[in-house]
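The values are calculated or read from the model by the stated rules, or taken from the named source; none is laboratory data. It should be emphasised that the depicted structure is a prediction, and the values quoted were computed from it without experimental measurement. Note that each Cβ is placed from the backbone with ideal geometry, even for glycine, and that neighbours are counted across all protein chains shown. For the accessible areas, the whole protein counts, side chains as well, though only heavy atoms, and no ligand, DNA or RNA atoms are used. Shrake-Rupley method; radii C 1.70, N 1.55, O 1.52, S 1.80 Å.
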Amino acid sequence: MKKLLSLLALAALLPVSANADVLKNVNLKGDIQTITSDVNHNMVVAVDPITGENVKNYNEGTSVRVLAGLSADLVEDVTANLMFQYANVWGNDVSTGKTVNQYWNDVRLVEANVVLHNLFCCLEATVGRQFYGDEDSAVMYIGPNHYNAEFNGLTNSLDAAKVTYGDDVKALTLIAGRIKMVDDDLVDPTIVVDEVDATLIGGDFKLNLTDALKLQAYAYNFSDMKFTDHTVFPALVYPVDGNGGFYGAKLGFDGEAVRMAAEYARNYGFRNGLFKENKDTGHMVKVDLATDIKAVTARGAFLYANEGFWALGNYTPGLLIGHRLGGDIFDYSNNGVAMFNLGFDVKPADKWTVSLDGYSFQDHRMDHSSTWEGDVTVKYAHNEYVELFAGAGYAKYTSWDGTDYNRDNYNKDNVKGQLGMLIKF
């Protein structure tokens, strides 16, 4: 049955010649993520001008996202990838459910591409709708997010052509395409739904200097860009003239006892012209350090981004503040961010991992009192495909002038808890 469904899907969306020997090495792939979150939080991002109600900062309830697809060899050195997604919030449907056609209207195509292997004997080309980047990247990732209650919604992808040349020492990737990303809130789509619409051209170069020391350099240019802000009504569209983007480098060391990484990224262009900058040009510095002490892994991180730094990353530090930053714009206080993190990972049993994290957040000038956050997270590996996870976080806020947000009208505890299940196949 699985192979029959695979055949029907590929025949409908990726037609091939009738005499081709199709569907070798068929593999089903995807993941199912369910997250429930409960928040007692007093911070407000905006006031809905239509209803007059406060627009809250965090989701409450249970959401589910299903990614399901297949990968198959069509002919020699040609692989096809196809993936659909469905996302929903528990309780949005009546208890009797909806019709199949109504559910089908909520299913979206997030991956539909072909991969040409051994092109010109040394290249690999991916053409079509695809994911891109590393999920832990602070600057460039387009794909499904995990362990984040605020972003367990629709997964972004891009329509592009990507070419990679690589071996055991080096890898060069060039990509060009069209991107339209939406931060979609399934619980209440009026909260924050920002669109980025642009033509993307860029590249990434990775080099293994030694077995432990690795270098990565990248640059991405966006043209014909538009930002659409749906935070308030009606939606506002901000066109950005010219070209612009970001570039940077990352140096990582992965030793037996110590792991370190340092990354620097910088914006350029847009209204200033290609590769032109002014004194307020956004830039980011990120440093990570980890070491193993018997059964405990100790971690530390520092993040600095000045006002206006913009990228397409997926770094979401903490369960509270980082989950709302979202990774794409490090603008914690409308004035950049300076973050310090200290954490510990412990494995009390074979399948269990317990993590403790403390965070300090300020604007990039670091001239006011810090906002503090403390988190505890637990992961249980049921098997190699199924994982259960839970987390609880507490944040004590200060305003940018140093006053205490937890006094007077801001006297509630700022706490969040979440439970989740992740199945990968």
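When Ala138 is tested against (1) within 29 Å of Val163 (Cα to Cα); (2) among the aliphatic types (A, V, I, L, M); (3) part of a strand (DSSP E or B), only condition (3) is not met.
Please work out which residue is nearest to Ala261 (Cα to Cα), limiting yourself to segment 116-142 and to residues that are of a type in the set (Val, Ile, Thr) and open to solvent by less than 70 Å² (accessible area, probe 1.4 Å). Let's see the steps before the verdict.
First pass over segment 116-142, keeping only residues of a type in the set (Val, Ile, Thr): 126-127, 139, 142.
From what's left, open to solvent by less than 70 Å² (accessible area, probe 1.4 Å): 126, 139, 142.
Details: Thr126: 29, Val139: 14, Ile142: 22 Å.
Filtering segment 116-142 for residues that are of a type in the set (Val, Ile, Thr) and open to solvent by less than 70 Å² (accessible area, probe 1.4 Å), the one nearest to Ala261 (Cα to Cα) comes out as Val139.
Among what's in segment 353-387 and is of a type in the set (D, E, K, R) and part of a loop (DSSP other than H, G, I, E, B), pick the residue that is least open to solvent (accessible area, probe 1.4 Å). Give the derivation first.
The first filter runs over segment 353-387 and keeps only residues of a type in the set (D, E, K, R), leaving 357, 363, 365, 367, 373, 375, 379, 384, 387.
Restricting the remaining residues to those that are part of a loop (DSSP other than H, G, I, E, B) gives 363, 365, 367, 384.
On the way: Asp363: 9, Arg365: 132, Asp367: 102, Glu384: 157 Å².
Step by step, filter segment 353-387, then rank; the result is Asp363.
Of all the criteria given as (1) open to solvent by 50 Å² or more (accessible area, probe 1.4 Å); (2) under 29 Å from Lys226 (Cβ atoms); (3) modelled with pLDDT of 95 or more, the one not satisfied by Glu307 is (3). Among residues of segment 145-174 that are closer than 24 Å to Thr199 by Cβ, those with a Cβ under 6 angstrom from a residue that is buried (at least 19 other Cβ atoms within 10 Å of the Cβ) and among the hydroxyl-bearing types (Ser, Thr, Tyr), sequence gap 6+ or separate chain, pair up as Lys162/Thr126; Thr164/Thr173. So Glu124 ticks every box in (1) outside any strand (DSSP E or B); (2) touching a His at 6+ places or on another chain (Cβ under 8 Å) but one. Which box is left unticked? The one condition Glu124 does not meet is (1). Could you go through segment 94-108 and let me know if any residue there is touching a strand residue (DSSP E or B) at 6+ places or on another chain (Cβ under 8 Å), crowded, with 17+ Cβ neighbours inside 10 Å and either at pLDDT below 70 or within 24 Å of Val386 (Cβ to Cβ) (or both). Within segment 94-108, not a single residue is touching a strand residue (DSSP E or B) at 6+ places or on another chain (Cβ under 8 Å), crowded, with 17+ Cβ neighbours inside 10 Å and either at pLDDT below 70 or within 24 Å of Val386 (Cβ to Cβ) (or both). Of all residues in segment 152-172, those satisfying the criterion of being open to solvent by 20 Å² or more (accessible area, probe 1.4 Å) and either more than 20 Å from the chain's Cα centre (by Cα) or under 16 Å from Ser223 (Cα atoms) (or both) are Asp159, Ala161, Val163, Thr164, Tyr165, Gly166, Asp167, Asp168, Val169, Lys170, Ala171, Leu172. Looking only at segment 290-309, filter to residues that are within 27 Å of Lys416 (Cα to Cα) and hydrophobic (A, V, I, L, M, F, W, C); which one of those is farthest from the chain's Cα centre (by Cα)? If we take residues in segment 290-309 being within 27 Å of Lys416 (Cα to Cα) and hydrophobic (A, V, I, L, M, F, W, C), then Val296 is farthest from the chain's Cα centre (by Cα). Here Met284 passes the criteria (1) outside any loop (DSSP other than H, G, I, E, B); (2) under 23 Å from Asp363 (Cα atoms); (3) modelled with pLDDT under 95; (4) open to solvent by 50 Å² or more (accessible area, probe 1.4 Å) except the one numbered (4).
When Leu5, Leu14, Leu28 are screened for being open to solvent by 30 Å² or more (accessible area, probe 1.4 Å), at pLDDT below 60, in contact with a strand residue (DSSP E or B) (Cβ under 6 Å, 6 or more places away or on another chain) and under 30 Å from Leu116 (Cα atoms), only Leu14 passes.
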